[in-house]
1. Looking for whichever is polar (S, T, N, Q), surrounded by 10 or more Cβ atoms within 10 Å (Cβ to Cβ), at pLDDT 95 or above and under 19 Å from the mean Cα position of the chain (by Cα) here; the options are T34, T49. Which one fits?
2. When you check F67 against the structure, is it modelled with pLDDT of 90 or more and either surrounded by 10 or more Cβ atoms within 10 Å (Cβ to Cβ) or in contact with an Asp or Glu (Cβ under 6 Å, 6 or more places away or on another chain) (or both), yes or no?
Amino acid sequence: MIRRIFYLSLGAFLAFWVMRRLQALQPDHIARRTADGAAGMLLRVRDFTSDALGEAAERETELRARFGLDNAEGSDR
């Protein structure tokens, strides 16, 4: 009797799990997840680009000050 209840509950759980997996594969759900993922990735790329450009500008300023290039721009040419 316990064995039957166990297998009945296992079958119900597996049926529920399979139905949830199949619902997740519907086209509108996949499209929504893909669009959300792409939007999140775009935000991460923008943040990275912003950080990289900021760091590059800081490094350029540091190097120009170190080698005295800020004052020599107009006098060399």
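The values are calculated or read from the model by the stated rules, or taken from the named source; none is laboratory data. Predicted model only: the values in this text are computed from it and were never measured. When we count neighbours, we look across all protein chains shown, and the Cβ atoms used for this are built from the backbone with ideal geometry, even at glycine.
1. Testing whether each residue is polar (S, T, N, Q), surrounded by 10 or more Cβ atoms within 10 Å (Cβ to Cβ), at pLDDT 95 or above and under 19 Å from the mean Cα position of the chain (by Cα) leaves just T49.
2. Working: modelled with pLDDT of 90 or more: yes; either surrounded by 10 or more Cβ atoms within 10 Å (Cβ to Cβ) or in contact with an Asp or Glu (Cβ under 6 Å, 6 or more places away or on another chain) (or both): no.
Criteria not met by F67.
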